[in-house]
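Notes for the one structure printed next.
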Amino acid sequence: MARAVSTQRKALNTTVAWTIGLLIFFPILWTILTSFKTEAQAIASPPIFIGFDWTLENYAVVQERSNYMRFLWNSVIIAGGSTILGIIIAVPAAWSMAFVPSKRTKDILLWMLSTKMLPAVGVLYPIYLLFIQMGLLDSRAGLVVVLMLINLPIIVWMLYTYFREIPGEILEAARMDGASLREELLYILTPMAVPGIASTLLLNFILAWNEAFWTLNLTAVDAAPLTAFIASYSSPEGLFFAKLSAASTMAIAPILILGWFSQKQLVRGLTFGAVK
Amino acid sequence: MATQHSRSAARLMMAPAVILLMGWMLVPLTMTIYFSFKRYLPLRGGDLGWTGFDNYVRFVTSTAFWPSVQATLVIVGGVLVITVVLGILLAMLLDQPMWGQGVVRILVIAPFFVMPTVSALVWKNMFMDPVNGLFAHLWRFFGAEPIAWLSEASMTSIIMIVSWQWLPFATLILLTAIQSLDSEQLEAAEMDGAPLLKKFYHIILPHLGRAITIVILIQTIFLLSIFAEIFVTTGGAFGTRTLTYLIFQRVLESQNVGLGSAGGVYAIILANIVAIFLMRIVGKNLDA
Amino acid sequence: MSIKRVLGASTALTLCSAAAFAQDTTITIATVNNGDMIRMQSYTDTFTEQTGIAVEWVTLEENVLRQRVTTDITTNGGQFDIMTIGMYETPIWGANDWLIPLNDLSEDYDAEDILPAMRNGLSHDGTLYAAPFYGESSMVMYRTDLMEQAGLEMPQAPTWEFIREAAAAMDDPENDINGICLRGKAGWGEGGAFITVTGNSFGARWFDEDWTAQFDQPEWNEALTFFVNLMNDYGPEGYATNGFNENLSLFQQGKCGMWIDATVAASFVTNPTDSTVADSVGFALAPNKEGIDKRSNWLWAWALAIPAGTQKEDAAKQFIEWATSKEYIELVAANEGWANVPPGARTSLYETPEYQEVPFAAMTLESIKAADPNNPTVDPVPYVGIQFVAIPEFAGIATQVSQEFSAVYAGQQSVDEALEKAQAITTEEMEAAGY
């Protein structure tokens, strides 16, 4: 940031940006705050912001009712597994699209994206029947595959745009030096694309973590992730704002924390080729 | 650089992804098309034989069909406009020098990490509830009659919720694009004393063109199939039944898989119309 | 070796074998996230200790649960050993042989003790397919203090006209009190159920004997118009999105003069820990229109059923016998008081002296007895069911119809428009189903 600005201007920017930032973040903040209230305080009129008796009761109730760790672990495995598997399959595809483009490359890329447009609910019965046949219902493996397929087009596309930014001359030079294709991929391309791969990884982890149709409909117990966990708190009888908030906080906290720690990578890499 | 050797290698490397996606597309698609020509009612014993184009005709002549297409387009369009416009403004703001830029950025992108189900639940209950919601409290504080958001302003509410989720994504992509803008260019413009609006139209907006198309493309793909937000908030009532939701009603609520499958085929057609339309634009931009 | 050690060793051995057995048999139960079900989960350990059968719970919100179990049962997915279903699903699924008949339950279980109304509703062709965990009808719950202030007295069996009069008298916007709270939320089990029973009490019906939709008949117009006027005048803001839960919390917060809803709500609104009006709630039969001898009370049960695809039929039966037994009721009564036991399932419960002292017990039983699924309304109908029509297409149709009605409640269309659309939707869907 080389541009010189007056302190006054900077102060103004800061105020406006913080106000907007807090406004956007507020629903999450409010959920977190509410999760520490009692049910009565959660609906108190006028609403109480900070000055309530902080309690962990809601978390205790949620923990007692459902095995949070199992849901969490399933979410990690499914989101992580599908992302990693997706990257492994996508890297070679993206490489060949970026460095050995043919006339059809762009068509293939766009076709891949268009597979994402099939409405999931329309194929619930076919997929459910297939899963029964293959014994994949309520298995993490089944979900890993489905979520990988759902996100694969995005992964391929993201990687493609990163690879394209790598100058071809470097690869040519490597080939002159007698590097094999494998070496080229492994020692030259991948290190250069690490920031891109990292942000692809992150984005798709988030997308897989938040996927709520297949993860809910193809699981029961063993593979049920946090999306199923939240479905048991969505509208129970009686007052529930505080318990809902606690469950919501537990469902989003892991990904929120991960996102915050890695936001630099995400921000740097999330371009989809928008920046040349 | 494309030798014959590397060309075949390239094909080989692309194969797994292409074959998998082909399978993922073809298997359900074939099954959907198959079912769409069947009278398939799971609660009445399943497959009751072929029925020709009956399901297609019935789906499209249903009173719910055109309103649902319209609802889909309104939601997608509304969210796109809001996220792109606010995204540009927000990205320009975040690009300015300020204290605590990192923290602000974290605050702004946070909604993107929230599960759609959770965000719909939180908005519906804790903000839009006409009695105990925060908005109701706010309205009453200013002496106004609270709004029953999800019934009286159902579309607005859903567009608001979805926009909140997708604004961070748009902002991030636009921000990286703005940051790549040559600051010398901008400074030159500033020296010239170009007014802000002019600067925006002639320098910033053209530069963002590509980023905006990408935001639109990616978001459209996801927005065409939004489901959880509607399921949790209005359940398709008050004119918020999108095409995806209509198919859900046919398949799961009415338990008419044949009819729902025909709807699925229409949805694919609609998605492809939108896609072709988009790709015309994006394709042009991707060449650049 | 001392006796103590022998005892210790053998206990350990027993525990080991019990644990090993438990690992062998784990049943998976899909259930709804209602208060009574969640309470049952907390007693599961007792069951596991007694039988060595471990239990995995899949607790889902009602709509998600329906979607999940229906997909699984129709495709024979075999994901669950017990499913929590209602009176609507049971006869349809039973007729398809998707459920295991429960006609061989043990002597101790005393299936004859299940309330006849519930047993009928959960049977197909006289065979019981699901055991009721709790049953309900609907009734009027009202604030005795506000009633007194208004100078009115609630009759045992009020009419809609009286309800309107009372709502007008109790309505007090200044103090944030609505005369009446009723369900307006779209969904066949929510507002759809309520408007259907309201229709019944005005003499309206879903279908005539030839399965022709009846929304073009004057009875429907009268019922819907009455409901809309009543709620617009004395109902809460945004009632078009209020369902059972929303109204429950409004009533508990003291914001409703009257509430007509499920009898199970009685134990929530009289529970002092959750309800601010716990000691001033009165009960009356659901209303009817003057001169119509059908009341607007429904009949429902949440019941446990075993899908035919299960591998663990015996264990599942054991669980059902435990969860819907007299002993379970006593277990809950001993720990949480009689007011909190699952109501409406067993005759013997209503003969228990301690339970008869519970303020809402008598009215609940009377409401359940007043409900007749075979003759839900004045004119004859070809269907079974009071707030629903027990055909597979109903859930889909009624959800869409109730969405049109909710749009009336939200002021987005007129009664006439909604009824016209309802007629069209119903006719359309019935044609698609081949009627």
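Tell me, please, whether a residue that is in a loop (DSSP other than H, G, I, E, B), more than 8 Å from chain B (Cβ to nearest Cβ) and crowded, with 21+ Cβ neighbours inside 10 Å can be found in region A:128-137. Steps first, please.
At the first step, the residues of region A:128-137 found to be in a loop (DSSP other than H, G, I, E, B) are A:134-137.
Narrowing the set further to residues that are more than 8 Å from chain B (Cβ to nearest Cβ) leaves A:134-137.
Checking which are crowded, with 21+ Cβ neighbours inside 10 Å leaves us with A:137.
Yes: region A:128-137 contains one or more residues that are in a loop (DSSP other than H, G, I, E, B), more than 8 Å from chain B (Cβ to nearest Cβ) and crowded, with 21+ Cβ neighbours inside 10 Å.
For region B:31-46, check the following and say yes or no: at least one residue is within 13 Å of chain C (Cβ to nearest Cβ) and touching a Lys or Arg at 6+ places or on another chain (Cβ under 7 Å).
No, because not a single residue in region B:31-46 is within 13 Å of chain C (Cβ to nearest Cβ) and touching a Lys or Arg at 6+ places or on another chain (Cβ under 7 Å).
Please verify whether residue B:195 is over 24 Å from residue C:247 (Cβ atoms), more than 29 Å from the chain's Cα centre (by Cα) and either more than 14 Å from chain C (Cβ to nearest Cβ) or surrounded by 17 or more Cβ atoms within 10 Å (Cβ to Cβ) (or both), treating the condition exactly as stated. First the steps, then the outcome.
On the way: over 24 Å from residue C:247 (Cβ atoms): yes; more than 29 Å from the chain's Cα centre (by Cα): yes; either more than 14 Å from chain C (Cβ to nearest Cβ) or surrounded by 17 or more Cβ atoms within 10 Å (Cβ to Cβ) (or both): yes.
Answer is yes for this residue.
Name the single residue, out of those in region B:274-283 being within 18 Å of the chain's Cα centre (by Cα) and at the interface with chain A (Cβ under 10 Å from one of its Cβ atoms), that is modelled with the highest pLDDT.
Result: B:274.
For residues in region C:263-294 being at pLDDT below 95, small (Gly, Ala, Ser) and outside any helix (DSSP H, G or I), which is nearest to residue A:40 (Cα to Cα)?
C:275
Can you tell me which residue in region A:117-127 is farthest from residue A:193 (Cα to Cα), limited to those that are touching a residue at least 24 places away in the same chain (Cβ under 8 Å) and surrounded by fewer than 24 Cβ atoms within 10 Å (Cβ to Cβ)?
We begin by selecting, within region A:117-127, every residue touching a residue at least 24 places away in the same chain (Cβ under 8 Å); these are A:120-121, A:124, A:127.
Narrowing further to those that are surrounded by fewer than 24 Cβ atoms within 10 Å (Cβ to Cβ): A:120, A:127.
On the way: A:120: 32, A:127: 35 Å.
If we take residues in region A:117-127 being touching a residue at least 24 places away in the same chain (Cβ under 8 Å) and surrounded by fewer than 24 Cβ atoms within 10 Å (Cβ to Cβ), then A:127 is farthest from residue A:193 (Cα to Cα).
Among residues belonging to region A:92-113 that are among the polar types (S, T, N, Q) and surrounded by fewer than 19 Cβ atoms within 10 Å (Cβ to Cβ), point out the one that is nearest to residue A:151 (Cα to Cα). Let's see the steps before the verdict.
Here is the first cut: in region A:92-113, the residues among the polar types (S, T, N, Q) are A:96, A:102, A:105.
Okay, now just the ones that are also surrounded by fewer than 19 Cβ atoms within 10 Å (Cβ to Cβ), so A:102, A:105.
Numbers: A:102: 24, A:105: 19 Å.
Ranking the candidates gives A:105 first.
Would you say residue B:10 is facing chain A (nearest Cβ under 9 Å), under 30 Å from residue A:176 (Cβ atoms) and surrounded by fewer than 17 Cβ atoms within 10 Å (Cβ to Cβ)? If you could, list the steps in order and put the result at the bottom.
Values: facing chain A (nearest Cβ under 9 Å): yes; under 30 Å from residue A:176 (Cβ atoms): yes; surrounded by fewer than 17 Cβ atoms within 10 Å (Cβ to Cβ): no.
Answer is no for this residue.
I need the full set of residues from region C:304-344 which are hydroxyl-bearing (Ser, Thr, Tyr) and over 22 Å from the mean Cα position of the chain (by Cα), in order please. Lay out the reasoning, then the answer.
Here is the first cut: in region C:304-344, the ones hydroxyl-bearing (Ser, Thr, Tyr) are C:310, C:324-325, C:328.
Result: C:310, single match.
Which of the residues that make up region A:85-98 are touching a residue at least 40 places away in the same chain (Cβ under 8 Å) and of a type in the set (A, V, I, L, M, F, W, C)?
Of all residues in region A:85-98, those touching a residue at least 40 places away in the same chain (Cβ under 8 Å) come to A:85-87, A:89-95, A:97-98.
Residues satisfying the conditions are A:85, A:87, A:89, A:90, A:91, A:93, A:94, A:95, A:97, A:98.
Might you let me know whether region B:223-246 holds any residue that is facing chain A (nearest Cβ under 7 Å), outside any loop (DSSP other than H, G, I, E, B) and free of Cβ contacts under 8 Å to residues at least 24 places away in the same chain?
no
Filter region A:43-54 down to the residues that are of a type in the set (Val, Ile, Thr) and either within 14 Å of chain B (Cβ to nearest Cβ) or under 27 Å from residue C:44 (Cα atoms) (or both) and list them by number.
Kept after step one, since they are of a type in the set (Val, Ile, Thr), are these residues of region A:43-54: A:43, A:48, A:50.
Residues satisfying the conditions are A:43, A:48.
When you scan region C:406-435, how many residues do you find that are within 9 Å of another protein chain (Cβ to nearest Cβ) and buried (at least 24 other Cβ atoms within 10 Å of the Cβ)?
The first filter runs over region C:406-435 and keeps only residues within 9 Å of another protein chain (Cβ to nearest Cβ), leaving C:406-407, C:409-412, C:421, C:424-425, C:428-429, C:431-434.
Now narrow it down to the ones that are buried (at least 24 other Cβ atoms within 10 Å of the Cβ): C:406, C:409, C:429.
Residues meeting the conditions: 3.
Every residue, every condition in (1) buried (at least 24 other Cβ atoms within 10 Å of the Cβ); (2) within 14 Å of another protein chain (Cβ to nearest Cβ), yes or no:
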{"site": "C:237", "(1), (2)": "no, yes"}
{"site": "C:247", "(1), (2)": "yes, yes"}
{"site": "C:258", "(1), (2)": "yes, no"}
{"site": "C:264", "(1), (2)": "yes, yes"}
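Taking only pairs six or more apart or across chains, which ones have beta-carbon atoms under 6 Å, a first residue in region C:269-290 that is under 12 Å from residue C:145 (Cβ atoms), and a second residue that is part of a helix (DSSP H, G or I)?
C:280/C:144; C:280/C:145; C:281/C:269; C:282/C:144
If you take the residues in region C:157-178 that are surrounded by fewer than 18 Cβ atoms within 10 Å (Cβ to Cβ) and of a type in the set (S, T, N, Q), which one is nearest to residue C:203 (Cα to Cα)?
Among them, the one singled out is C:159.
Taking the conditions exactly as written (over 19 Å from residue C:269 (Cβ atoms) and among the hydroxyl-bearing types (Ser, Thr, Tyr)), does residue C:159 satisfy them or not?
Numbers: over 19 Å from residue C:269 (Cβ atoms): yes; among the hydroxyl-bearing types (Ser, Thr, Tyr): yes.
Taking the combined requirement at face value, the residue satisfies it.
Checking the structure you have, find out if any residue of region C:35-47 is within 14 Å of chain B (Cβ to nearest Cβ) and hydroxyl-bearing (Ser, Thr, Tyr). Even if it seems obvious, please write down each step before you answer.
Kept after step one, since they are within 14 Å of chain B (Cβ to nearest Cβ), are these residues of region C:35-47: none.
Looking for residues that are within 14 Å of chain B (Cβ to nearest Cβ) and hydroxyl-bearing (Ser, Thr, Tyr), one finds none in region C:35-47, hence no.
Go through region C:131-173 and give me each residue that's among the small types (Gly, Ala, Ser) and farther than 30 Å from residue B:143 by Cα. Even if it seems obvious, please write down each step before you answer.
Let us first name the residues in region C:131-173 that are among the small types (Gly, Ala, Ser), namely C:131, C:135, C:137-138, C:150-151, C:157, C:166-169.
Once the filter is applied, which keeps residues that are among the small types (Gly, Ala, Ser) and farther than 30 Å from residue B:143 by Cα, region C:131-173 yields C:131, C:135, C:137, C:138, C:151, C:157.
Would you mind telling me which numbered condition in (1) touching a Lys or Arg at 6+ places or on another chain (Cβ under 7 Å); (2) surrounded by fewer than 22 Cβ atoms within 10 Å (Cβ to Cβ); (3) closer than 30 Å to residue C:75 by Cβ residue A:207 fails?
(1)
What are the residues in region A:79-93 that are more than 11 Å from residue A:197 (Cα to Cα) and at pLDDT below 90, if any?
A:92, A:93
Hey, among A:198, A:193, which residue is within 21 Å of residue A:113 (Cβ to Cβ), more than 10 Å from every other protein chain (Cβ to nearest Cβ) and touching a helix residue (DSSP H, G or I) at 6+ places or on another chain (Cβ under 8 Å)? Explain how you work it out, then say what you get.
Numbers: A:198 fails: within 21 Å of residue A:113 (Cβ to Cβ).
Every option except A:193 fails the conditions.
How about region A:67-91: which of its residues are surrounded by fewer than 21 Cβ atoms within 10 Å (Cβ to Cβ), within 11 Å of another protein chain (Cβ to nearest Cβ) and not aliphatic (A, V, I, L, M)?
Listed by number, the residues that qualify are A:67, A:70.
Suppose the filter is acidic (Asp, Glu), modelled with pLDDT of 90 or more and crowded, with 22+ Cβ neighbours inside 10 Å; does residue B:253 pass it? Spell out the reasoning first.
Working: acidic (Asp, Glu): yes; modelled with pLDDT of 90 or more: no; crowded, with 22+ Cβ neighbours inside 10 Å: yes.
It is false that residue B:253 is acidic (Asp, Glu), modelled with pLDDT of 90 or more and crowded, with 22+ Cβ neighbours inside 10 Å.
For residue B:140, which of the numbered conditions (1) within 14 Å of chain C (Cβ to nearest Cβ); (2) more than 26 Å from residue C:253 (Cβ to Cβ) fails to hold?
Unmet for residue B:140, out of (1) within 14 Å of chain C (Cβ to nearest Cβ); (2) more than 26 Å from residue C:253 (Cβ to Cβ): (2).
Among the numbered criteria (1) assigned to a helix (DSSP H, G or I); (2) within 8 Å of chain B (Cβ to nearest Cβ); (3) touching a helix residue (DSSP H, G or I) at 6+ places or on another chain (Cβ under 7 Å), which single criterion is violated by residue A:32?
All conditions are met except number (2).
Out of curiosity, is residue C:306 assigned by TED's automatic domain parsing to the domain that holds residue C:320, aliphatic (A, V, I, L, M) and in contact (Cβ under 8 Å) with a residue 60 or more places away in the chain?
Working: assigned by TED's automatic domain parsing to the domain that holds residue C:320: yes; aliphatic (A, V, I, L, M): yes; in contact (Cβ under 8 Å) with a residue 60 or more places away in the chain: yes.
The answer is yes for residue C:306.
With (1) within 30 Å of residue A:239 (Cα to Cα); (2) among the aliphatic types (A, V, I, L, M); (3) touching a Leu at 6+ places or on another chain (Cβ under 7 Å) as the list, and residue B:122 as the residue in question, which single condition is left unmet?
(3)
Considering only residues that are more than 8 Å from every other protein chain (Cβ to nearest Cβ) and buried (at least 24 other Cβ atoms within 10 Å of the Cβ), which ones fall in region B:256-271?
Correct list: B:258, B:262.
The values are calculated or read from the model by the stated rules, or taken from the named source; none is laboratory data. Fair warning: this is a prediction, and the values are worked out from it, not measured in the lab. As a convention, Cβ positions derive from the backbone with ideal geometry for all residues, glycine included, and neighbour counts pool all protein chains shown.
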